[in-house]
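Novice: This is the structure, below, for whatever I ask next.
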Amino acid sequence: MKKNTIWIIAGIVAVLLICCVGSTAAYYIYSRGVFTAPAPTPFVFPTPNATLTALYSIPTLSLPTATESYVAPTYSVGVTPTNTISVPTTQAYNPNLTSTPVVIRGSGQAYGSYMLNPPVLDGTWDEWPAIEFPINIVVYGLNNFNSTVDLYGSYRVGWDYSNLYLAVEVDDDKYTQVSTGSYLYLGDSLEILMDTNLIGDLTVKKLDGDDYQLGISPGILRPGSGQEAYLWYPSSLAGGRSSVLIAAVGGEGTYHVEVAIPWYVFNVTPYEGMELGFAMSISDNDLNGVARQQTMISSCSFRSLVDPTTWGTLTLR
């Protein structure tokens, strides 16, 4: 009975040891009724990591390497993106605004200013635009040209939807005009060259049906007496143009000419921004009683009647 009691107590102790310490920490081996406790396995504390931030070393996680890297776009200051939308702005018409012609051909660029009220053709320039363009390049008869005292000119241009307006001042030491009609160029006179299809035949070096040559005589013997206009080209339309209004005053030394030319003379419907081939020239004759063209000065450096590419540009604004 006593022996059985000992076995029961030993079993209970063994169970308690397994539960409390664990089968790996302590167990008993029965040998001939004697319990022998084996030496316990030494316990080793883990080593703190180098920074002492944790007792146990935490495994390092390796993030997957990206196969593509993102490159931030770079922008240059002042460069406008190509996909931006420009909103057009409107601007009120300003007759005093200076603009550059879109088309430039030859030399002698001029501007015609819109006139709300037609000028009074009386030989004075009071109501004319202030912009003045020179006529001072000798294109014919250089041997007969003495100086700007002998011959010099300038002009101003205006327009409305009915007429082209020209005001011309001529410095001439001697006024001589004895010719009329198609021969008026053989005396002191004005010449207007106009290409009404500037863009269409910009590089065409010969006259065609949209090119015009118009002559203006300030008067027979003296300015203001027997003024007339004559159209030489197109030759199919040649003849006098009584619809052209002319006023001329002055005489030897300086004279003024004002002209109103209906647009239909040039078969033109004008509009703001219109560009026309244009040249303004002055013929001079200093021989008393003789019909002869001695000299011509022009607004265009290389003015040639038969080559419109040598004419300048008139822009209506």
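Novice: Looking at (1) among the polar types (S, T, N, Q); (2) touching a residue at least 60 places away in the same chain (Cβ under 8 Å); (3) under 15 Å from residue 312 (Cβ atoms), which is the only condition residue 154 fails?
Specialist: (2)
Novice: Select, from 184, 202, 193, the only residue that is farther than 15 Å from residue 219 by Cβ, crowded, with 23+ Cβ neighbours inside 10 Å and touching a strand residue (DSSP E or B) at 6+ places or on another chain (Cβ under 9 Å).
Specialist: Working: 184 fails: farther than 15 Å from residue 219 by Cβ; 202 fails: crowded, with 23+ Cβ neighbours inside 10 Å.
Sole residue among the options that is farther than 15 Å from residue 219 by Cβ, crowded, with 23+ Cβ neighbours inside 10 Å and touching a strand residue (DSSP E or B) at 6+ places or on another chain (Cβ under 9 Å): 193.
Novice: Could you tell me how many of the residues in the range 186-208 are hydroxyl-bearing (Ser, Thr, Tyr) and free of Cβ contacts under 8 Å to residues at least 40 places away in the same chain? Break it down stepwise before answering.
Specialist: Restricting attention to the range 186-208, the residues satisfying the condition of being hydroxyl-bearing (Ser, Thr, Tyr) are 189, 196, 203.
Now restrict to residues that are free of Cβ contacts under 8 Å to residues at least 40 places away in the same chain: none.
Adding up the residues that qualify gives 0.
Novice: Taking residue 174 and the conditions (1) in a loop (DSSP other than H, G, I, E, B); (2) modelled with pLDDT of 95 or more; (3) within 17 Å of residue 292 (Cα to Cα), which numbered condition does it fall short on, given that it satisfies the others?
Specialist: (2)
Novice: Okay, moving on. Residues 151, 184: which one is in the same structural domain as residue 261 (by TED's automatic domain parsing) and modelled with pLDDT under 95? Walk me through it before giving the result.
Specialist: On the way: 184 fails: modelled with pLDDT under 95.
One residue alone meets the criteria, 151.
Novice: Same structure, new question: For the range 147-170, which positions are closer than 18 Å to residue 300 by Cα and not polar (S, T, N, Q)?
Specialist: Once the filter is applied, which keeps residues that are closer than 18 Å to residue 300 by Cα and not polar (S, T, N, Q), the range 147-170 yields 151, 152, 153, 155, 156, 157, 166, 167, 168, 169, 170.
Novice: What residue, of 163, 144, is within 16 Å of residue 261 (Cβ to Cβ), in contact (Cβ under 8 Å) with a residue 12 or more places away in the chain and of a type in the set (S, T, N, Q)?
Specialist: Going through 163, 144 in turn, the sole match is 163.
Here's the yes/no breakdown for (1) at pLDDT 95 or above; (2) crowded, with 19+ Cβ neighbours inside 10 Å; (3) in contact with a Ser or Thr (Cβ under 6 Å, 6 or more places away or on another chain):
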residue: 263; (1), (2), (3): yes, no, no
residue: 269; (1), (2), (3): yes, no, no
residue: 291; (1), (2), (3): yes, no, yes
residue: 298; (1), (2), (3): yes, yes, yes
residue: 307; (1), (2), (3): yes, no, no
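The values are calculated or read from the model by the stated rules, or taken from the named source; none is laboratory data. Source: prediction; values computed, not measured. Positions of Cβ are backbone-derived with ideal geometry, glycine not excepted, and every protein chain shown enters the neighbour counts.
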